[in-house]
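No lab work stands behind these numbers, since they all come straight from the coordinates. Note that the structure is a prediction, hence the values are computed from the model and not measured. Counting neighbours? That spans all protein chains shown, and the Cβs are built from the backbone with ideal geometry, glycine included.
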Amino acid sequence: MLKTSQRKSNAANTTSTAILVSDTSPLIALKHADVLEMLNALFQVVMVPLAVARKLSVKEGKYFASLGFLKLEEPSNKRLVKALRLVVDEGESEAITLALEKNAILLIDDLKGKSSQKLGG
């Protein structure tokens, strides 16, 4: 369903090395603004955790399943995911944990989630 693909940045014509981990809402907002595909040009890898992929499949299933540049990845630190669940929802807790594990840029729109990410690392 979700996989990676590398593209060259149109702006600099060089391959980006940055990794992005995203929560659900920003991806849906970027889709509605018709700019979601720009993430593929800006980042070498765009990851979504399993909980985010599940939400996307319910809300925008066919569209997000058709995107070849999204990589499904599950965070390995289940204890951190569980601790973050006390403050934020499942998708946000997995996205924050995965971003910390991969030393990646986190795309999130929830103030509680942003605060939790600062506490985690």
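Only aspartates and glutamates eight or more places from Lys82 in sequence, or on another chain, were considered; those with a Cα closer than 16 Å are Glu74, Glu90, Glu92, Glu94, Glu101. What FRET efficiency comes out for the pair Asn77/Ser57, r = Cβ-Cβ distance, R0 = 35 Å, nearest 0.05? Efficiency, rounded to the nearest 0.05: 0.90.
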